[in-house]
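K.L.:
For reference, the structure I am asking about is given below.
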Number of protein chains: 2
Amino acid sequence: MSAVQEDLTARARLRDAAIEGFAAGGFDESLRAIAARAGVSAGLVRHHFGSKELLRAECDATVLDRYRTLKTDSLKTEPAALFAQFPSSRESGILLVYILRSVRDGGSAGRLFLERMVEEALVFTKGAVTSGLVVPSRDEDARVRLLIHQAIGGLIVYFAMRPDTPLDDFVSVMEQFYAETMLPTLEIYTEGIFTDRTYLETYLAYIAETSSTPADLARKAP
Amino acid sequence: MSAVQEDLTARARLRDAAIEGFAAGGFDESLRAIAARAGVSAGLVRHHFGSKELLRAECDATVLDRYRTLKTDSLKTEPAALFAQFPSSRESGILLVYILRSVRDGGSAGRLFLERMVEEALVFTKGAVTSGLVVPSRDEDARVRLLIHQAIGGLIVYFAMRPDTPLDDFVSVMEQFYAETMLPTLEIYTEGIFTDRTYLETYLAYIAETSSTPADLARKAP
DNA sequence: CCCCAGACTATACATGCGAGTAGTCTCCTA
DNA sequence: TAGGAGACTACTCGCATGTATAGTCTGGGG
């Protein structure tokens, strides 16, 4: 039952089991199920964490921290392909699923994850623009936010259509995802979709005559 | 409490209240809350529908049907802007939120909605390609699926970040969404993102040497 | 050797859920 | 007007959950 390392303190095992359980079954996973996954009793959660909410908070913090280190590590090895971070191991797969679930459920943790990803992508994109790899945008911030939201959202939808993907098969499903989406993504990024500039120009004229800059229009959200 | 029409049979009121409640609070909305919204007792659900699952099934069917008529109606009036169907009323807003929730939660209803949208977009896109408005793709099916998944997923993320959007403000939030995303969307569709074709050509060469057509690669999913 | 703080378990409790049951009410019909 | 079928409610049951409490075990310091 337990896929959690044996040589950790029960507290750490419980935390890791919770992360895994939340990723596998959602944040409604019961304390009893989590405790069983860690091989301990349910009451121990309260002893160590106080409540389910506090356990969740510690899981959020742990995942955020691990995601950070994972990201910096992978940036050292690979040349950082745009918006494509393969989860290469079971552990990083769990992290990604946990994050996807967080964003999907819309809590403060999900908001934090998403905002971090937008920030990272923003500095990356700005660098790519100045080095001439990427076309500049009239509103870099809005473009990056859109791309991240759609990339994460596309993943959420993809896994929603495969509800019982086991965490162990996650990497292969992820490869499948890239195999299905890489070509159209590259096509769109390289060749666009529209054959002429009419739609864009029309919209630009429209927002010009409403006497607001695109950035103003785009940044009315909270 | 009830925002449901009074001059309907209790059964219809119950069904509409369930659709509204599912959209507002998710599919875990309790039968008691749904019944209260309809202004009747909880036991009446069982009397009319038999179980919560059957009520849900009837809601799914109703929403699917209403979505279909809504779509065909709007296609008569507007010239059918690409991938942009404004929900113009509170009722159609409820429908869209219900559908987004269905896709998000990954049930059979969500799969059905999504597949329908992909099909519709596919015929639309093929028409746009032959009439020269849209650049052809090496795999039309994969491109349309990607675009729909990302459009729906982007909406799911957008509303996940605004968890307590009341159904009555939905249309204004939707306008806000378009105001934030229209410009970068049109930019990408018109101008692409990459400044040169290296990434695409490299990937095309890669999938060519693995002796599979792009369509083969993309269509290994269930 | 003692003994006690902390890790841990077993069990109880309160709550909210979907489902089930029995009974009342109302309106249409014969 | 009698009666019955269906609409509808009040109540109950079993179950799962998070929380709370009381008690057991164990290892290290006096």
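The values are calculated or read from the model by the stated rules, or taken from the named source; none is laboratory data. Keep in mind it's a predicted model, so treat the numbers as computed, not measured. Neighbour counts run over all protein chains shown; Cβ positions are idealised from the backbone, glycine included. Surface accessibility is based on the protein's heavy atoms, side chains included, excluding ligands, DNA and RNA. Shrake-Rupley method; radii C 1.70, N 1.55, O 1.52, S 1.80 Å.
K.L.:
Express in nm, to one decimal, how much length is gained between A:Y206 and A:E53 on full extension, taking 0.36 nm for each residue of separation and deducting their alpha carbon distance.
P.N.:
Extra length from A:Y206 to A:E53 when fully extended: 50.3 nm.
K.L.:
Modelled label-to-label distance, A:T130 and B:L112, 7 Å Cα→beta-carbon offset: nm?
P.N.:
About 5.3 nm separates the two model spin labels.
K.L.:
In whole angstrom, how far apart do the alpha carbon centroids of region A:1-70 and region A:162-188 sit?
P.N.:
27 Å
K.L.:
Follow-up. Taking the Cα centre of region B:10-218 as the origin and placing charges on Cβ (Lys, Arg +1; Asp, Glu -1), which of B:A36, B:G153, B:C59 is farthest toward the positive end of the dipole?
P.N.:
Value computed over the given set: B:A36.
K.L.:
Next question. Could you compute Rg(Cα) / (2.2 N^0.38 Å) for region B:10-218, with N its residue count?
P.N.:
1.21
K.L.:
What's the minimum Cβ distance from chain B to the axis relating it to A, in whole Å, and which residue gives it?
P.N.:
Taking Cβ atoms only, the nearest residue and its distance are B:G153, 1.
K.L.:
May I pose another question? With +1 on each Lys and Arg Cβ and -1 on each Asp and Glu Cβ, how big is the dipole of chain B about its Cα centre, in debye rounded to the nearest 20?
P.N.:
700 debye
K.L.:
Work out the length of the dipole vector of the protein assembly as shown about its Cα centre, built from +1 on the beta-carbon of each Lys and Arg and -1 on the beta-carbon of each Asp and Glu, and round it to the nearest 20 debye.
P.N.:
The dipole of the protein assembly as shown has a size of about 1100 debye.
K.L.:
For the protein assembly as shown, what does the helix formula give at 222 nm: sum of -39500 (n - 2.57) over DSSP H segments with n ≥ 4, over the residue count, nearest 500 deg cm²/dmol?
P.N.:
So the helix-based figure for the protein assembly as shown works out to -23000 deg cm²/dmol.
K.L.:
Calculate, for the protein assembly as shown, the solvent-accessible area per residue in square angstrom, rolling a 1.4 angstrom probe over the heavy atoms of the protein chains.
P.N.:
Here the residues of the protein assembly as shown average 48 Å² of exposed surface.
K.L.:
A follow-up question, please. Projected onto the charge dipole of the protein assembly as shown (+1 at Lys/Arg Cβ, -1 at Asp/Glu Cβ, origin at the Cα centre), which of B:S108, B:A205, B:V144 gives the Cα projection farthest towards the positive end?
P.N.:
B:S108
K.L.:
Ignoring ligands, DNA and RNA, how much accessible area is buried between chains B and A, both sides summed, with a 1.4 Å probe, to the nearest 100 Å²?
P.N.:
Heavy-atom accessible area buried at this interface is about 6000 Å².
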